[in-house]
1. What do you reckon, is residue 49 closer than 16 Å to residue 336 by Cβ, modelled with pLDDT under 80 and outside the structural domain of residue 332 (by TED's automatic domain parsing)?
2. Return yes when residue 197 is crowded, with 17+ Cβ neighbours inside 10 Å, closer than 16 Å to residue 221 by Cα and in contact with a helix residue (DSSP H, G or I) (Cβ under 6 Å, 6 or more places away or on another chain) and no when it is not.
3. Considering only segment 335-365, state which residues are without any contact (Cβ under 8 Å) to a residue 12 or more places away in the chain, touching a strand residue (DSSP E or B) at 6+ places or on another chain (Cβ under 7 Å) and within 25 Å of residue 20 (Cα to Cα).
4. Tell me which residues, restricted to segment 80-92, are touching a strand residue (DSSP E or B) at 6+ places or on another chain (Cβ under 8 Å) and surrounded by fewer than 16 Cβ atoms within 10 Å (Cβ to Cβ).
5. Looking only at segment 221-238, how many residues end up being part of a loop (DSSP other than H, G, I, E, B) and within 11 Å of residue 252 (Cβ to Cβ)?
6. Could you grab me the full set of residues in segment 205-222 that are touching a helix residue (DSSP H, G or I) at 6+ places or on another chain (Cβ under 7 Å), crowded, with 17+ Cβ neighbours inside 10 Å and within 25 Å of residue 111 (Cβ to Cβ)?
7. Quick check, is residue 151 assigned to a loop (DSSP other than H, G, I, E, B), under 19 Å from the mean Cα position of the chain (by Cα) and within 22 Å of residue 257 (Cα to Cα)?
8. List the number of the failed condition for residue 306; all other conditions in (1) at pLDDT below 80; (2) touching a strand residue (DSSP E or B) at 6+ places or on another chain (Cβ under 8 Å) hold.
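The values are calculated or read from the model by the stated rules, or taken from the named source; none is laboratory data. Computed from a prediction, not measured in an experiment: that's the story for all the values here. Glycine gets a Cβ as well: all are built from the backbone with ideal geometry, and neighbour counts include every protein chain shown.
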């Protein structure tokens, strides 16, 4: 009766479930529809974990909320990218706190070959603008897509200059896609869409640009990028938060320096001093450190890491890729695998060279 998209939206609006729990339920179920229609299946697989003891039912209230969201999506020409979709950003998917789904307008190309997030102060100075413009010009022919937040200042410069240089750009918003914030950047948002870019938001329609939304928005910017460039920032601010989030994701961080008397770059200097960020004085600095200084363009991120891996093996690899994992941790993550099945998968992956057995009954990636 209802579509998979309807069930996905309804599941997003179900209270009492965290992102990680919801992802595990979806992974076991295979679809949002199955979560509702075959609850006994995923409950049986996850029966040993009390945190999954949640009443997931399609109530009349939930139906009404999902139906309204679908109507708004149709009205605003908005789509939903879901964790189970092959088009879901693979870089972001490897982050533990990645959203289960998000809304978007535009091309929806979330897995380009190279991605650079650009963040910075809303109170951009002429030096910050000129520095960022120079670096982006150095990168214009290197098949790099940019990501930023469509805010005043550095974000606006990043998007505008990317468009001027023919670089694909994605804007991640801290509000629902029913509107653009700040309103003065509505023409810029339109231009992004007209030039094959994308607008992204994990927030429902009618969600305003509340201050608490922006740290959540920042993690998506960091998670979708290979590297983050902090163009200009004081010691405190959203850009510094984004840099630290990106650092926790093992992303490469770069910061543009200035004089020691420039308070608007004090945050950049602090990141450099703490060895969180590398100095970026030109695009060549990024190209060399990211190994992007090649004539041939790399292939886009693969939705399957290695063609010789089965779906079950790739699922184990994605989990272990986040850091060394014990057998118990892998078993807890893959609750639908029996002990014998998991042992066989781990042995096969060792023989393929993609996993390495480590002390303490743990595994790491071998590639």
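1. Spelling it out, residue 49 is indeed closer than 16 Å to residue 336 by Cβ, modelled with pLDDT under 80 and outside the structural domain of residue 332 (by TED's automatic domain parsing).
2. Working: crowded, with 17+ Cβ neighbours inside 10 Å: yes; closer than 16 Å to residue 221 by Cα: yes; in contact with a helix residue (DSSP H, G or I) (Cβ under 6 Å, 6 or more places away or on another chain): no.
Against the criterion (crowded, with 17+ Cβ neighbours inside 10 Å, closer than 16 Å to residue 221 by Cα and in contact with a helix residue (DSSP H, G or I) (Cβ under 6 Å, 6 or more places away or on another chain)), residue 197 does not qualify.
3. If the condition is that a residue be without any contact (Cβ under 8 Å) to a residue 12 or more places away in the chain, touching a strand residue (DSSP E or B) at 6+ places or on another chain (Cβ under 7 Å) and within 25 Å of residue 20 (Cα to Cα), then no residue fits.
4. Listed by number, the list holds a single entry, 87.
5. Count: 2.
6. 214, 218, 219, 220, 221, 222
7. Yes: the conditions hold for residue 151.
8. (2)
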